[in-house]
Each structure stands twice: as structure tokens, then as C-alpha cells.
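Have a look at the structure below, then the notes.
All of the numbers you see were taken from the coordinates with simple rules; none came from a lab. In this text the structure is predicted, and so the values were computed from the model without any measurement. Virtual Cβ from ideal backbone geometry, glycine too; neighbours counted across all protein chains shown.
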Amino acid sequence: MSDIIREIEAEQLKEKVDDFGVGDTVRVYNKIKEGSRERVQVFEGVVLKRQGGSNRETFTIRKFSNGIGVEKTWPLHSPNVEKIEVVRRGKVRRAKLFYLRGRIGKRAKVKEAK
């Protein structure tokens, strides 16, 4: 049974996955359908976490919009995620950056990796 599941999951994987990690600032180009029209919306923020594996892998991004923190989670291999562009690399020592939720302004920044 597990061989059948592995085959189905392998078909759903993207050939090229963008290389990014926790703490990086990224731009996610997301396809949105509105009736018969389709457009691309950009969401830019810091990657809080990556979890899961295979075609179930997800990532969460946090940004500030009008002074309010907004988080979104996407499946990595989703056909709605057009591309992921790394704006800058972050230097972090944790796998999950939940402590950023309680911070605002300069304190919510992640140091840039060199």
C-alpha cells in the first residue's frame, strides 16, 4: 500500500523547488482565481517555519501590514505557488521563529547572513 502512495506523491512533486530556509525574507508569487480571471499576488515576509516532507511540506511566512502581523501558510509543492524568490538570507539558530510574534519594529528583525 505504501508503494502506491509514494508513486502518487511523486507525481505531485515540483521538479524544481526554490532553495530557502527559516529566517530568510522571501517573496511568494501566488496565483489567485477571481471568477474567470487569474492574477498573481505577491506576499513578502520572513519565513517562520518549514515543516513536513515530500509533497506535504509547508512553510509559513509573517509580514506586517498596516501595523498588524499577518501570517500565511502554503504547501511548498502547490500549483498555486508560482515561484518563491529569496530577497535576503537570515542568520538564525532555531528551526521555528515563533518568538517573532511577540515583537514589533526593529526587534522583529532577523540578522542578515553574510
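Can you tell me which residue among LYS91, LYS63 is surrounded by 12 or more Cβ atoms within 10 Å (Cβ to Cβ) and either within 30 Å of ARG6 (Cβ to Cβ) or touching a strand residue (DSSP E or B) at 6+ places or on another chain (Cβ under 7 Å) (or both)?
Values: LYS91 fails: surrounded by 12 or more Cβ atoms within 10 Å (Cβ to Cβ).
None of the others qualify; the one that does is LYS63.
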Item to check | In the stretch 1-20, the residues that are touching a residue at least 40 places away in the same chain (Cβ under 8 Å), in a loop (DSSP other than H, G, I, E, B) and not charged (D, E, K, R) | outcome: LEU13, VAL17, PHE20
Next on the checklist: Pairs please, first residue from the stretch 72-87 and within 11 Å of ARG27 (Cβ to Cβ) and touching a residue at least 60 places away in the same chain (Cβ under 8 Å), second anywhere and in a strand (DSSP E or B) and of a type in the set (A, V, I, L, M), Cβ atoms under 7 Å, 6+ apart in sequence or on different chains.
Outcome noted: ILE84/VAL26; ILE84/VAL28; GLU85/VAL26; VAL86/VAL26; VAL87/VAL26
Checklist entry - Do you know which residues across the stretch 53-66 are of a type outside the set (S, T, N, Q) and in contact (Cβ under 8 Å) with a residue 12 or more places away in the chain? => result ARG56, GLU57, PHE59, ILE61, ARG62, LYS63, PHE64
